[in-house]
Amino acid sequence: MDLWRGRLNRGMAGKIFDWYLNFDRKRIYTPLYYLAMIIYFPLMLISISYFQPQLGEQGIKVVHYTRILAYLIFLLIVGDGVAKSSLKEMCKKKFPPMSQIILVGMLAVSIISAYFSRKSEAFVIMLIIAATVEVKPDTKKLFMLIAGIQFCSIIFFWYLSMEGILPNEIRDLDRGILGRHSFGFAYVTFPPMLMLFITMEYIYARGVETVTLTEMGILGVINYILFRYCVSRNSVIIAGVYLMSVFLYKYLSVIIDKLMALGMKIYGMLIAVLLAVSFLGPGLYVKYWKGDVSEELGTLTARLWLSYSAMQRYNVFTLFGQKIEWEAPLLGENKGDYIFVDNAYLHLLLDFGVVFFVVVILIYLFIIDTFKVKNEYINCIMMILILVLAVVDPRLWVLVFNPFPLLLSIGYEDMIIKMTLRRKKK
């Protein structure tokens, strides 16, 4: 009798185990993933605006715990995906797939860096990227959704600022005073920088062949309007270059393809130059430039000076980062001293360490290489422009502005398999 019960239990356990391995998760995890994204992006946009302080202590707690719910959904998706793949391979007496090992490795690095830096975004953003890799959503639909949420946030906070509910600096047109509007956001560069990435997301989702001149014109006008009111040069320059690139690509695609095919052979040199400027530029600036930049913190020279100050103040090369309290308070009454590094490469290195920095750069290179293999050169241009912008802007690793690291999900597993096969052949 006991033997029969044992066989029955093993049979039932086997059926449950088989059901777990073969269950179609996409039907559940895709809606859950989009639900988590719909929670994450609006709440993160609230956190970079003057709307969050209006919520009060209890409201901020609600936002915080609701955001944790989104993180738990992402964690469920990643944890279950890794467990399923590992168990399948263990049943075959094999190691887990290399794609899963690398993904878990990246998450492990982000956890360690988050611990040393005391900044959760290292792990949270890597977790969302890993969940995107597991779900493999339609990235064009995903980016259209994100662009819509971002654009609605600009309209919403602008309306609240015009109604006087949120703070905003008013521009006096009669007296010709050029003020810098924040549109209800915590800093004046946030609305135009969001619009830059909205422009890229929209054109990526629509496709360069499909997007019309009218749509491009509207995007250009909105970018220019936000530039005039918020006075953010970097975003409007990159937006202009990108829109011009799309225009040329639409009508001279054969020529641009040939030029890009040649340029993509040496794009690694561009990355090397960007990193050299980031790490050597501040020291060279201080050595040869003697001007006073204390009153012009928005200039390139001031950013070089701030970068140099940070490099002197903190350890530049750590394995997993360090705890740094950047002094750039925006929402409090006491503004304090402005000590903040706008260079994304240096910022990542100082905060999260060498290992995490290398992982981030490899993610971007992987995405560029994916587009290169598909001959989607306009998307290669887009990613390179983001890397160029990162020299003077810290949003290379801030999903609420720049969701493009999520494109790691495109062909990730196929690319890892190809790399593994190449190594075996050697």
Residue among D342, D337 that is touching a strand residue (DSSP E or B) at 6+ places or on another chain (Cβ under 6 Å) and either of a type in the set (V, I, T) or modelled with pLDDT under 95 (or both): D337
For L387: the one exception among (1) modelled with pLDDT under 90; (2) open to solvent by less than 30 Å² (accessible area, probe 1.4 Å): (1)
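Okay, residues lined up against (1) open to solvent by less than 30 Å² (accessible area, probe 1.4 Å); (2) hydrophobic (A, V, I, L, M, F, W, C); (3) more than 17 Å from I416 (Cβ to Cβ):
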position: V78; (1), (2), (3): yes, yes, no
position: K88; (1), (2), (3): no, no, no
position: P96; (1), (2), (3): no, no, no
position: S99; (1), (2), (3): yes, no, no
position: S113; (1), (2), (3): yes, no, yes
position: F123; (1), (2), (3): no, yes, yes
position: K136; (1), (2), (3): no, no, no
Any hit, region 272-288, residues being modelled with pLDDT under 80, under 20 Å from L350 (Cβ atoms), surrounded by 11 or more Cβ atoms within 10 Å (Cβ to Cβ) and of a type in the set (V, I, T): yes
Residue match in region 127-145 (condition: at positive phi and of a type in the set (D, E, K, R)): yes
Filtered residue count, region 227-244, keeping only those that are surrounded by 18 or more Cβ atoms within 10 Å (Cβ to Cβ) and touching a residue at least 40 places away in the same chain (Cβ under 8 Å): 10
All helices (runs of 4 or more DSSP H) inside region 176-271 with 3 or more residues being under 26 Å from W158 (Cα atoms): 190-206, 213-230, 233-251
Residue under evaluation R206, criteria (1) open to solvent by less than 50 Å² (accessible area, probe 1.4 Å); (2) within 29 Å of F183 (Cα to Cα), criterion not met: (1)
Conditions (1) open to solvent by less than 40 Å² (accessible area, probe 1.4 Å); (2) modelled with pLDDT under 60; (3) closer than 16 Å to K84 by Cβ: number failed by W19: (1)
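The values are calculated or read from the model by the stated rules, or taken from the named source; none is laboratory data. All values reported here derive from a predicted model rather than from experimental measurement. Here Cβ is always computed from backbone atoms with ideal geometry, including for glycine, and neighbour counts include all displayed protein chains. These area figures cover heavy atoms from the full protein model, side chains too; ligands, DNA and RNA do not enter into them. Shrake-Rupley method; radii C 1.70, N 1.55, O 1.52, S 1.80 Å.
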